[in-house]
Amino acid sequence: MSVYFLGELPVVGVVALLFGAWLKLKQQVFWREKHLWIISSFFGLLVCILANSRGAILGLVIAITVSGFFIKRKWLWFGICALAIVIALISPAIRQKAILIVTGKDVSTDVRQVLWKGTWRLLKARPLIGSGLGNFPQVYKKYKLPQHVELLQYPHNIALNVWTELGLPGLIFSIVAIFWLIIKLFAHLRGKNPFALSGLLAWTALVIHGLVDAPFFKNDLSVLTVLFFLLAVFLPKPLDT
């Protein structure tokens, strides 16, 4: 199991587990099941941190913060999240890393910026068809910037990934599909379906991670994406029905 996979799976899985656990605890399920959810959430979060996937951790943090919109004590929740971020930034190592990332001086950030610029050059030359499915590394060689010497399989951005792989029609279809998915999840939220919040937060984490990485096309992760899409499409009924 790759570190990359370990970095992505907890983002989707832990978000669902954390808030699924919270919802289940409110429904007074059996204590053994409560402990199973809590233990699974803890180890899933631990794996996410140990994998050191900054995109995955960012997605998880934003998803947890967004959950505050769906609880009664919103401002208390947002205050706790803000306090947790401030406490994390007190650490010199975390603060220095954050500064490097924000300013673009971090090696990984710099590589992505150069990659995105080269990918945009590719798309301006081939806007309709992109590079074609699975052809990005070969086509990208012609458009990459001179300072980019690292060979990467994908552009590491959800929009650029879809556009290069599936062309402009694929990008348009994907945008429509995402909006349809959001509307469906919110409809289930209004119906007080306890699975809908977990699905919405899981997709939030997945999309945030997708802004700086490639969690949608890479082998095992593409299967994970399809599974969560199907989960949202065929959302189960509330547990109390």
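Across region 149-163, which residue is surrounded by the fewest Cβ atoms within 10 Å (Cβ to Cβ) among those that are under 10 Å from residue 119 (Cβ atoms) and not aliphatic (A, V, I, L, M)? Among those that are under 10 Å from residue 119 (Cβ atoms) and not aliphatic (A, V, I, L, M), it is 157. Taking the conditions (1) in a helix (DSSP H, G or I); (2) touching a Ser or Thr at 6+ places or on another chain (Cβ under 9 Å); (3) modelled with pLDDT of 80 or more; (4) under 21 Å from residue 214 (Cα atoms) in turn, residue 102 satisfies each one other than (3). Scan region 147-195 for residues that are in contact with an Asp or Glu (Cβ under 8 Å, 6 or more places away or on another chain) and part of a helix (DSSP H, G or I) and the total you get is 0.
Select from region 88-120 the residues that are closer than 27 Å to residue 136 by Cβ and polar (S, T, N, Q) and write down the one among them that is farthest from the chain's Cα centre (by Cα). Don't jump to the end; show me each part of the working.
Initial filter on region 88-120 (closer than 27 Å to residue 136 by Cβ): 101, 104-120.
Next, only the ones that are polar (S, T, N, Q) stay: 108-109, 113, 119.
On the way: 108: 18, 109: 17, 113: 19, 119: 21 Å.
Top of the filtered list is 119.
With respect to the conditions (1) surrounded by 14 or more Cβ atoms within 10 Å (Cβ to Cβ); (2) in contact (Cβ under 8 Å) with a residue 24 or more places away in the chain; (3) under 27 Å from residue 202 (Cα atoms), residue 81 lacks only one, and its number is (2). Applying the criterion of being of a type in the set (Lys, Arg) and modelled with pLDDT of 90 or more to the residues of region 111-167, the residue that is farthest from residue 55 (Cα to Cα) is 126. Being surrounded by 14 or more Cβ atoms within 10 Å (Cβ to Cβ), in a loop (DSSP other than H, G, I, E, B) and more than 18 Å from the chain's Cα centre (by Cα) is a description that applies to residue 144.
The values are calculated or read from the model by the stated rules, or taken from the named source; none is laboratory data. Note that this is a predicted model, so its numbers are computed, not measured. Positions of Cβ are backbone-derived with ideal geometry, glycine not excepted, and every protein chain shown enters the neighbour counts.
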